[in-house]
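J.: First the structure, which I've put down as C-alpha cells, then a few questions once you've had a look.
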Amino acid sequence: MSPESRALELVKGDTQQYELTFENNGAPLDITGWTIYLTVKANVEDPDASAVIDTTATLSNAAAGIALVALTPSQTDIAVGQYRYSFDYKDDSANEGTILEGWLTVRKGLRDTRE
C-alpha cells in the first residue's frame, strides 16, 4: 500500500483533531490492537525524539476502523512554518506502514489570546 500525500494546516496553539477511517474494499477494517502514530518534524532526517509533535491515536471505534488523533493547544504551540508529517501504523500482527504523509503548515491565528 502506497501512502497518500496531502497538505494539512493548523493554527498555532489551537485544539486540532484528525479522524482516520480504515477500510478494505469499502468495508470497515477492524483495527483492534493497532497503534496509529502522528509524527511531525522540522526535518525528515531528525530522529523521532526530536519531533515537534509525536503522539498516538485513540481507537475511538476500532471494530469500525475509526481512530482519532486529538492535539491539545500545548502540542500545537509550535513555531509558525512548514513541517513534514506522517500518520503511521503498527497492526496487531506487527506489520508497519505509512498511511498518510505530506506537509503541515502551522500559521499564526488572528487573535493572540483567549482570556
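J.: Within straight cross-link reach of Lys41, meaning Cα distance under 19 Å, which aspartates and glutamates are found once same-chain residues fewer than 8 apart are removed?
T.: Glu4, Glu9, Asp14, Asp54, Asp77, Asp88, Glu101
J.: Could you compute the FRET efficiency for Glu9 and Ser50, with r as their C-beta to C-beta distance and R0 at 22 Å, rounded to 0.05?
T.: Computed FRET efficiency for Glu9 and Ser50: 0.50.
J.: Whole-Hz ³J(HN,Hα) for each residue in region 93-105, computed from phi via Karplus 6.51 cos²θ - 1.76 cosθ + 1.60 with θ = phi - 60°, x for glycine and proline: what do you get?
T.: Karplus-based 3J(HN,Hα) across region 93-105 equals 10, 6, 6, 10, x, 9, 8, 8, 8, x, 9, 10, 9 Hz.
J.: Please list, ordered by chain and number, the residues whose modelled amide H lies under 5 Å from the amide H of Gly13; skip anything fewer than 5 residues away on the same chain.
T.: Residues meeting the criterion, in which the H sits 1.01 Å from N, are Thr76, Asp77, Ile78.
J.: From the backbone phi of region 39-53, what are the Karplus-calculated ³J(HN,Hα) couplings (6.51 cos²θ - 1.76 cosθ + 1.60, θ = phi - 60°) in whole Hz, Gly and Pro given as x?
T.: Whole-Hz 3J(HN,Hα) from phi for region 39-53: 10, 10, 10, 5, 9, 4, 7, 4, x, 4, 5, 9, 4, 7, 9.
J.: I've got another one for you. Identify the trypsin sites (Lys or Arg not before Pro) of region 43-115 meeting these criteria: DSSP loop state and at most 13 other C-beta atoms within 10 Å of the C-beta.
T.: Values: sites: Arg84, Lys90, Arg107, Lys108, Arg111, Arg114; in loops: Lys108, Arg111, Arg114.
Answer by residue number: Lys108, Arg111, Arg114.
J.: Further question on the same structure: With no solvent and one equal point scatterer per Cα, compute the Debye intensity ratio I(q)/I(0) for the chain at 0.20, 0.23 Å⁻¹ and report its log10, rounded to two decimals.
T.: -1.11, -1.35
J.: Expressed as a rounded percentage, what relative contact order does region 4-115 have, with Cα pairs under 8 Å and six or more residues apart?
T.: It comes to 37 percent, rounded to a whole number.
Taken together, the values in this text are just the output of simple stated rules run on the coordinates, not laboratory data. Predicted model only: the values in this text are computed from it and were never measured. Cβ sites come from the backbone with ideal geometry, for glycine too, and all protein chains shown count toward neighbours.
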